[in-house]
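> Provided herewith is a single structure, encoded as structure tokens, for subsequent inquiry.
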Amino acid sequence: MVFSDLFFLFVFIPAFALCYLLAAVIDRKFSSQDEARCFRAKNMVLVMFSLVFYAWGEPVYVFLMLASVFINYLVGLMINKSEGRNRRWALAAGLVINIAILGTFKYLGFFCGILADVGLTLAVPKIALPIGISFYTFQSISYLVDVYRKESPVQHRFVDLLLYISMFPQLIAGPIVRYGTVADEINDRHVSASDFAEGSYRFFIGLGKKVILANQLSEISDQFLVNGLGTLSTSGAWIGIIAFTLQIYFDFSGYSDMAIGMGRCLGFHFNENFRHPYCCDSITDFWRRWHISLGSFFRDYVYIPMGGNRRHQAVNIFVVWFLTGMWHGASWNFIIWGVYFGLIVMLEKYTILRIKDKIPSPVLHLYSLALVVIGWGIFYFDDFHSMQTFFNAFWGNAKVATDFVSESALLDNFWLWVAALLFCLPLRHVLSEFVERSCNERRVLKQSLFFAAHLSVSLVMLICSVALLVGATNNAFIYTRF
Amino acid sequence: MKSDKAYIMILTTAVMAFAIVFDTFPRSRISELEKRELATFPKYSVDKLKSGSFTSEISSWFSDSEPFRDDFMTLSMNIKDYLGLAASDDQVTFHASSVPMESSKQSVKSKSIDQDENRVVGEYENDITADENAKIANAGIIIVGKGDKTRALMAYGGGPHGCVGYAKAANEYKATFGKKVNVYCMVIPTAVEFYCPDKAKRCTHQERPTINNVYAHLSDSVKAVDIYTALGKHAKEDIFLRTDHHWAPLGAYYAAMTFAKVAKVPFRGLADYNRKVITGYVGSMYGYSGDIAVKKAPENFVFYVPSKVKYSTTYINYTINRDYHVTGEGKPVRGVFFAHFRNGSPGAYCTFMGGDTKITQVRTSTKNHRRLLILKDSFGNALPGFLFYSFEEVHVVDSRYFTKNMKDYVRENKITDILFANNIFKAYSRHTYGAYTRFLKQKGDTFAHNI
């Protein structure tokens, strides 16, 4: 199931809300007798609905996720009980198991394919990729490492660990929520009216990003990069990949907004996953703003333990970026994409970052965006022939420079392009600062303005999204396939 | 804060209102917009559950059959329309002359067909919509013009060497029935061939080379019917529907006239017909293109009922399953050839015979011992009505629905002329060739369960 699905919005969510409210009543009844039971019914409902949510798309692999959580639950207890060498061994065993699960279901076919290519006669297994496996495996690793480092307490209740891993708001496409971020909130959380209002608003913003912007942009990118690849003009290549650049941002950040919003409505505070990445002034800066939860995961669990910038930094950077690319999928283009950014980040350390103050800001932005867009060109095509065709057209080596289809894609979606470009900027932040400044001491006026803006934006997002979702069939989020 | 509580109240009410409508109101079953039956609740099986298809079909069903679906779709198209810039009169146009295409080199004039053979189709130059604005909508559909003249065109993807199977089918029929039966081959071009603006020509292929290829592959004894030239000459008239993928009855009239000349049968002009008009017609291209501009440009559906000839129509109706396979055949029943739809009805093209899933037999007061069998798709439905003055019997068989043995059918009904009348998309499909050759071999009553 995906968030931008009418069934999710108008069957799953109302049913969940109803059951969750009933569970809250039960919890309140028992809380006077036993404080610890305060969240048990609510957590149980959340877990049950999360399992249904996952099983809706993966009716068989839901058992793989349950098994994975159970193993991590046991390993967590073992790490907690042991000290010294045994503690390290327990962690190592846990990491090996998690990586083995991920390796088997995500990368085995890829590796066997490589071995087959170099002459070894191996049957390439065809294993379907379980949705969200990269996300929940990384969350499991985060749990084990945090417990090992004694940064978070071990989870003694299986159901509560299952809740952390499987919680439907962030289960299949992140953000990668670190155990420490929500450990305390699993059994001690409070939802104020302000939390719920903020969470709902964030959810509708995310829904609009996905349904109104990303889905429409995907039609443009598909038109050029899938259906029109054979007759791609140079302008078509640029328009197609810029449409994809915007699409993937609104698709993924929309999902993160919806996840963070739903989490907030339930009393969880997930960390931000995006900070206007296309406003970056270097590639290093871009990766501090894009998929922050993945970047910080690799920084804290790979880069720094390997030595960070203290020893063999170049190797550490290369490994992190190789893994970043590979995390996205079992395909060479993702690895090349990761290494491409790794090399740029490394080069920037010795060049641009040292003289950044002397370079005009627009030049830095243009430089960064150009490299990001080229990166998406590598990311988009998982077969090299298509990638070559695309880049030939992209660099001007097409039969025609521009054509009617490009003109149509620009003019007939003019306001979509304008909206997409505007919403890449920190528009909300700028507007709210403007209102704050303008209203100054007039608190009531300020509140009224915010209320009217939030309400009208939310209603417009809801109504437009519902209209655009009726009859929609191809509506999956891009990052659910990672 | 109070404002937070108010916000929550209003938003919750809005979501709940949607939930009540979507979860409790009767679900839509047919989309008039897309002219199709909507998804039904999936059948359960353990295998489907395990594969995930059962749950995904539930989601699709829920999304596809929403209450007020077409209203939401219309709103959705309006939203998409607002995302574009309104076309202006002084918009820059890209002329085909700047694009290396065969068509741009050749377009000179409309000349007549080869006088002896009808085998070489003449060229056509579009001077009606060549400089019009255009845009690409869903499924590569080209939207031409603006306002009440908006026209939606289905891009053609066939090549100049394709469609040979269609010619082969006609050849096989001729070889099977010999001299006793005349066989004619008509390829019906579509609107994109006549109304595609220069700037959009790269989005579609030319149909003329394919048509020429079909006619070049016909055996000497099969007669080609070049309607391309006739339609080209009358392209300024309403020979194609602007909002539907079909041609207009007037286009079928000119095609029937050409056919009558080739078949050497009498033919009457429009003066001998009663002109009927259904106003406010919006056809299938609205649903296909998803472009609100098409809906905002309704047209008149004009058809012609012969007034000076007597005729009676008998139908052998087929029942079909959800996969459009024939599951049963009804007994012959008398019916009307021309149904009358109300103004604004999106199903107006079904005026002729009420659709495709049947064999139609029309017996006329014309007495010339000529009995015609038309093998067709839905484009062909508009043809028979113009041939009641020309043949004493007109039989109509759809290439998708026929369960009898064709040899028996032709013999039993004393057919003297067989006309293949498919649109170029259908003619290009190898399934059409397969179906026509199967008709010759199949035993009677070939239903879905024994194919």
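The values are calculated or read from the model by the stated rules, or taken from the named source; none is laboratory data. As the structure is a prediction and not an experimental result, all values here were calculated from the model. Here the Cβ is made from the backbone with ideal geometry for all residues, glycine too, and neighbour counts use every protein chain on show. Protein only, heavy atoms only, side chains kept; ligands, DNA and RNA dropped before computing areas. Shrake-Rupley method; radii C 1.70, N 1.55, O 1.52, S 1.80 Å.
> DSSP loop (so not H, G, I, E, B), at most 10 other Cβ within 10 Å: list which GluC sites (Glu not before Pro) in segment B:1-69 pass both filters.
none
> Right, here's the next one. Carbon-plus-sulfur fraction of the accessible area of segment B:110-441, 1.4 Å probe, in percent?
Carbon-and-sulfur percentage of accessible area, whole number: 49.
> Further question: Taking the Cβ-Cβ separation of A:Val52 and A:Val191 as r and a Förster radius of 30 Å, what is the calculated FRET efficiency to the nearest 0.05?
That pair, A:Val52 with A:Val191, gives E of 0.85.
> Using a 10 Å cut-off on Cβ atoms, rank the peptides A:105-118, A:428-441, A:324-337, B:301-314 from the highest mean neighbour count down.
A:324-337, B:301-314, A:105-118, A:428-441
> In the full protein assembly as shown, how much of A:Ser296 is accessible to a 1.4 Å probe, in Å² to the nearest 10?
Approximately 20 Å² for this residue.
> Sequence neighbours fewer than 8 away in the same chain don't count; with that in mind, list the aspartates and glutamates whose C-alpha is under 12 Å from A:Lys349.
A:Asp285
> Something else now. Taking the solvent-accessible surface of protein heavy atoms with a 1.4 Å probe, what is the per residue accessible area of the protein assembly as shown in Å²?
Spelled out: the 1.4 Å probe surface of the protein assembly as shown, per residue, equals 44 Å².
> Among B:Met257, B:Met285, what's the order by accessible area (1.4 angstrom probe), most exposed first?
Sorted descending by solvent-accessible area, the residues read B:Met257, B:Met285.
> Continuing with the same structure: What is the spin-label model distance, in nm, from A:Arg288 to B:Asn368 if the labels are put 7 Å beyond Cα along the C-beta direction?
Inter-label distance under the simple model: 8.7 nm.
> Counting pairs of alpha carbon atoms under 8 Å apart in space and at least six apart in sequence, what relative contact order in percent does segment A:45-164 give?
Reported relative contact order: 36 percent.
> Does anyone have the angle between helix B:430-441 and the longest principal axis of chain B? Alpha-carbon axes, 0 to 90°, nearest 10?
So the inclination is approximately 50 degrees.
> Can you give the accessible area of A:Trp56, probe radius 1.4 Å, in Å² rounded to 10?
About 40 Å², ignoring ligands and nucleic acids.
> List, in the order given, every pair from B:Lys80/B:Lys296; B:Lys135/B:Lys295; B:Lys179/B:Lys264; B:Lys174/B:Lys426; B:Lys179/B:Lys331 whose Cα-Cα distance in the structure shown is over 23 Å. Walk me through the numbers before you get to the answer.
Details: B:Lys80/B:Lys296 14 Å; B:Lys135/B:Lys295 16 Å; B:Lys179/B:Lys264 16 Å; B:Lys174/B:Lys426 20 Å; B:Lys179/B:Lys331 32 Å.
Over 23 Å apart, Cα to Cα: B:Lys179/B:Lys331.
> Then there is this: Provide Rg over Rh for segment B:333-451; use the alpha carbon set for both Rg and the Kirkwood Rh (inverse mean inverse pair distance).
Numbers: Rg = 14.7 Å, Rh = 15.2 Å.
Result: Rg/Rh = 0.97.
> Return the calculated 222 nm mean residue ellipticity for chain A, to the nearest 500 deg cm²/dmol, obtained by summing -39500 (n - 2.57) across DSSP H runs with n ≥ 4 and dividing by the residue count.
-21000 deg cm²/dmol
> What is the spin-label model distance, in nm, from B:Asp127 to B:Lys331 if the labels are put 7 Å beyond Cα along the C-beta direction?
6.0 nm
> Show A:Val11, B:Val121 ordered by accessible area, largest first, where the area counts protein heavy atoms only and the probe is 1.4 Å.
Largest accessible area first, the list is A:Val11, B:Val121.
> Taking 7 Å along the Cα-to-C-beta vector as the label spot, tell me the B:Ala175-A:Ser448 distance in nanometres, rounded to one decimal.
8.6 nm
> Moving on to the next point. Would you mind checking A:Lys399/B:Lys199; A:Lys209/B:Lys43; B:Lys180/B:Lys407 for any pair whose Cα atoms are more than 23 angstrom apart?
Among A:Lys399/B:Lys199; A:Lys209/B:Lys43; B:Lys180/B:Lys407, the Cα-Cα distance tops 23 Å for A:Lys209/B:Lys43.
> Provide the buried accessible surface between chains A and B in square angstrom, both chains summed, 1.4 Å probe, rounded to the nearest 100.
Working: alone 22970 and 22140 Å², together 40770 Å².
Roughly 4300 Å².
> Using a 1.4 angstrom probe and counting only protein chains, how large is the accessible area of B:Thr55 in Å², to 10?
Looks like 10 Å² after rounding.
> Sorting B:Thr40, B:Thr243 by accessible area (1.4 Å probe), largest first, what list results?
Most to least solvent-accessible, the answer reads B:Thr40, B:Thr243.
> Please list A:449-458, A:214-223 highest first by mean number of surrounding beta-carbon atoms within 10 Å per residue.
Top to bottom by mean Cβ count within 10 Å: A:214-223, A:449-458.
> With axes computed from alpha carbons, what is the tilt in degrees of helix B:249-263 against the longest principal axis of chain B, rounded to the nearest 10 within 0 to 90?
20 degrees
> Shifting gears a bit: Please give the average number of partner chain Cβ atoms lying within 10 Å of the Cβ of each residue in A:406-415, rounded to a whole number.
6
> Full extension from A:Phe434 to A:Ile71: what is 0.36 nm times the residue separation minus their Cα-Cα distance, to one decimal in nm?
Working: separation 363, 0.36 × 363 = 130.68 nm, distance 5.14 nm.
Additional length available on full extension: 125.5 nm.
> Rounded to the nearest 500, what is chain B's calculated 222 nm mean residue ellipticity when only DSSP H runs of at least 4 contribute -39500 (n - 2.57) each, over all residues?
Taken over chain B, the calculation gives -9000 deg cm²/dmol.
> Would any residue of segment B:255-292 have its amide N under 14 Å from a label point 7 Å out along Cα→Cβ of B:Arg119? List them or say none.
none
> Another question about this same structure. For B:Thr40 and B:Arg342, compute 0.36 nm times the residue count separating them, minus their Cα-Cα distance, and round to one decimal in nm.
Separation in residues times 0.36 nm, less the Cα-Cα distance, equals 105.9 nm.
> On a straight-distance basis, which lysines could pair with B:Lys2 in a cross-link, Cα separation under 27 angstrom, same-chain partners fewer than 8 positions away excluded?
A:Lys42, A:Lys446
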